[in-house]
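**Q** Once you've had a glance at the structure underneath, I'll fire off some questions.
Every read-out reported here was derived from the displayed coordinates using simple, explicitly stated rules and does not represent laboratory data. Quantities reported herein were computed from a predicted structural model and do not represent experimental measurements. We place every Cβ from the backbone using ideal geometry, glycine too, and count neighbours over all the protein chains shown.
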């Protein structure tokens, strides 16, 4: 057989095999996309279905707490308060999963309004006050004077700050320091920006885990005996919300040296 | 006379909790688990207030209001109840004639007081 003929035929065979391989890969990608969409739908449905009985539990418990069904003894009131705290925590986690599922399915929208950075930081600090006191942390806020008002989705910015501050409080041993700083950020394609930093003197994150912590369901210590529990969605949602505003988020941390999460937001975000 | 509240909600657990809460705070309560049931109930025994879960099983709860509106049978106060607060959903409810939009879980200590305010405001308006 002439050599040129052999080469062409072997190339054709190889081409055919590559085509088949491509078809198989395309099929696998389509299947994976389908599975991913099903997972998101499942998360969304299950969160909605978990929320309903939980709301009934909270309503019953609040009726007992408020004495609508008669006065409670001290121990009974304490027990009912425990039911309400536990149920509210569960509701928060279910909401977090629902938010993630909607973000994953690109169903999140921005409800823009104008507000001050100071106002939203104050609000989030007030929410965290009981947790800060419980752990004996010192929480400080430092805001650059005359920062312009932001045009953004206030609830989502509060959500980002709350997730970052919650982690800072949680991952810092008792008696530590946590802080929020806000200052002018770099100029971006959208014009002026603000940069917000949420920092702590806690356990820190090794550089090789910096990208991992922003991934959904990721926890650096995922063992059942880990000391910090949660959905593992807080930072994934924070990143999603920052990106919805055309901002960026990053981390500056080393193991044992605390963490500083930074994010930037254009002063006039997308509406 | 006790104010009559129609609770439209497809979860028996939530209906049970709201029934205890509202009855204990001086209301008369009816319940419906679908749009058709709610419309039939409202026509048979007109409520002062409708508490409407807008995400019924495969149905849009706001259909209750649009159906009652065609025959001029809207209650004095209609309030939407939703699992998740979103500006678009809120706007849709308000456009459909809801007086307010409540996000679950409804606060047990606030709901009876809110109903009182809405009813007194509707008295003033009429």
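**Q** Which residues in the stretch A:202-218 place their backbone N less than 15 Å from a point set 7 Å from the Cα of residue A:135 along the Cα-to-Cβ direction?
**A** Output list for this probe position: A:202-205.
**Q** Please give the length that would be gained between residue A:39 and residue A:206 if that part of the chain were fully extended, namely 0.36 nm times their separation in residues minus their C-alpha to C-alpha distance (nm, one decimal). Show your work: numbers first, answer last.
**A** On the way: separation 167, 0.36 × 167 = 60.12 nm, distance 3.02 nm.
Contour length minus Cα-Cα distance gives 57.1 nm.
**Q** Compute the label zone of residue A:74 within the stretch A:120-141: residues whose backbone N is under 18 Å from the point 7 Å along Cα-to-Cβ.
**A** Answer for the stretch A:120-141: none.
**Q** As a test of the formula, what do you get for the protein assembly as shown when each DSSP H run with n ≥ 4 contributes -39,500 (n - 2.57) and the sum is divided by the residue count, at 222 nm and rounded to the nearest 500 deg cm²/dmol? Numbers along the way, then the final one.
**A** Values: 10 runs with 196 residues, N = 397.
Theoretical 222 nm ellipticity from helices: -17000 deg cm²/dmol.
**Q** Compute the projected area of the convex hull of the Cα atoms of the stretch A:93-205, averaged over all viewing directions, and report it in nm² to one decimal place.
**A** Values: hull surface 33.1 nm².
Average projection, Cα convex hull of the stretch A:93-205: 8.3 nm².
**Q** Using Cα atoms only, what is the angle between the long axis of helix A:117-135 and the major principal axis of chain A, expressed in degrees (0 to 90) to the nearest 10?
**A** 70 degrees
**Q** Fully extended, how many nm does the chain gain between residue A:93 and residue A:142 (0.36 nm per residue separation, minus their Cα-Cα distance)? Walk me through the numbers before you get to the answer.
**A** On the way: separation 49, 0.36 × 49 = 17.64 nm, distance 2.96 nm.
Gain in length upon complete extension: 14.7 nm.
**Q** When DSSP beta bridges are limited to those with both residues in the protein assembly as shown, what percentage is antiparallel, rounded to the nearest 5? Don't skip to the end; give the middle numbers.
**A** Details: 27 of 52 bridges.
Bridges in the protein assembly as shown are about 50 percent antiparallel.
**Q** Return A:171, A:42 ranked ascending by Cβ neighbour count within 10 Å, so the fewest neighbours appear first.
**A** On the way: A:171 19, A:42 11.
Fewest-to-most Cβ neighbours within 10 Å comes out as A:42, A:171.
**Q** Here is a follow-up. If you fit an axis through the alpha-carbon atoms of helix A:154-170 and take the longest principal axis of the Cα set of chain A, what angle between them do you get, 0 to 90°, nearest 10?
**A** With both axes taken from Cα atoms, the answer is about 80 degrees.
**Q** At q = 0.16, 0.18, 0.26 Å⁻¹, what base-10 log of I(q)/I(0) does the Debye formula yield for the stretch A:50-93 when every alpha carbon is treated as an equal point scatterer in vacuo?
**A** With one equal scatterer per Cα and no solvent, log10 I(q)/I(0) is -0.39, -0.48, -0.86.
**Q** Sort A:55-61, A:106-112 by packing, meaning the average of other beta carbons within 10 Å per residue, with the highest value first. Provide the component values of the computation, followed by the final result.
**A** Details: A:55-61: 21.9, A:106-112: 14.3.
Answer by packing, highest mean first, reads A:55-61, A:106-112.
**Q** Using the Kirkwood radius over Cα pairs, work out the Stokes-Einstein diffusion coefficient for the stretch A:1-130 at 4 °C and 1.567 mPa s, in µm²/s as a whole number. Please report the intermediate quantities before stating the final value.
**A** On the way: Rh = 20.7 Å.
Roughly 62 µm²/s, to the nearest whole number.
**Q** I need A:215, A:154, A:187 ordered by Cβ neighbour count within 10 Å, fewest first.
**A** Details: A:215 13, A:154 18, A:187 10.
By the 10 Å Cβ count, ascending, the order reads A:187, A:215, A:154.
**Q** Would you mind calculating the gained length between residue A:126 and residue A:15 on full extension (0.36 nm times residue separation, minus the Cα-Cα distance), in nm to one decimal?
**A** Taking residue A:126 through residue A:15 to full extension adds about 33.5 nm, to one decimal.
**Q** State, as an integer percentage, the relative contact order of the stretch A:156-215 based on alpha-carbon contacts under 8 Å between residues 6 or more apart. Intermediate results must be reported in sequence, preceding the final value.
**A** Details: 61 pairs, mean separation 19.6, N = 60.
Over the stretch A:156-215, the number comes to 33 percent.
**Q** Along Cα→Cβ, 7 Å out, is where each label goes; now give me the distance between the ones at residue A:28 and residue B:94 in nm to one decimal.
**A** Taking the simple label geometry, residue A:28 and residue B:94 are separated by 5.1 nm.
**Q** Additional query: Per residue of A:43-51, how many C-beta atoms from partner chains lie within 10 Å of its own C-beta, taken as a mean? If you can, show how the numbers build up before the last one.
**A** Numbers: counts 0, 0, 0, 0, 2, 3, 1, 0, 5.
Average neighbour count from other chains, rounded to a whole number: 1.
**Q** Per residue, how big is the convex hull of chain A when only Cα atoms are used? Give it in Å³.
**A** On the way: hull volume 57.1 nm³, N = 271.
Residue-normalised Cα hull volume stands at 211 Å³.
**Q** Let me ask you something else. Provide Rg over Rh for the stretch B:10-81; use the alpha carbon set for both Rg and the Kirkwood Rh (inverse mean inverse pair distance).
**A** Working: Rg = 11.7 Å, Rh = 12.4 Å.
On the Cα set of the stretch B:10-81, Rg over Rh gives 0.94.
**Q** May I ask you to derive the FRET efficiency for residue B:122 and residue A:252 from their Cβ-Cβ distance with R0 = 56 Å, giving the value to the nearest 0.05?
**A** On the way: r = 56 Å, r/R0 = 1.00.
So, using R0 = 56 Å, E works out to roughly 0.50.
**Q** Per residue of A:53-65, count partner chain C-beta atoms within 10 Å of its C-beta, then hand back the mean as an integer.
**A** Values: counts 4, 4, 11, 11, 3, 6, 13, 6, 3, 9, 7, 1, 2.
Averaged over the peptide's residues, the number is 6.
**Q** Right, another one. Could you work out the mean count of beta carbons from other protein chains within 10 Å of each residue's beta carbon in B:5-18?
**A** Per residue, the number of nearby Cβ atoms from other chains is 3 on average.
**Q** Could you give the angle, 0 to 90 degrees to the nearest 10, between helix A:74-104's Cα long axis and the longest principal axis of the Cα atoms of chain A?
**A** That helix lies at roughly 30 degrees to the long axis.
**Q** Still on this structure, please answer the following. Which of B:98, B:93 has the fewest other C-beta atoms within 10 Å, and how do the rest follow up to the most?
**A** On the way: B:98 21, B:93 24.
In increasing order of surrounding Cβ atoms, one gets B:98, B:93.
**Q** Under the rule a/c < 1.5 gives rounded, and otherwise a/b versus b/c splits prolate from oblate, where does chain B land using the Cα gyration tensor?
**A** Details: a/c = 1.16, a/b = 1.08, b/c = 1.08.
Judged from the Cα gyration tensor, chain B comes out rounded (a/c under 1.5).
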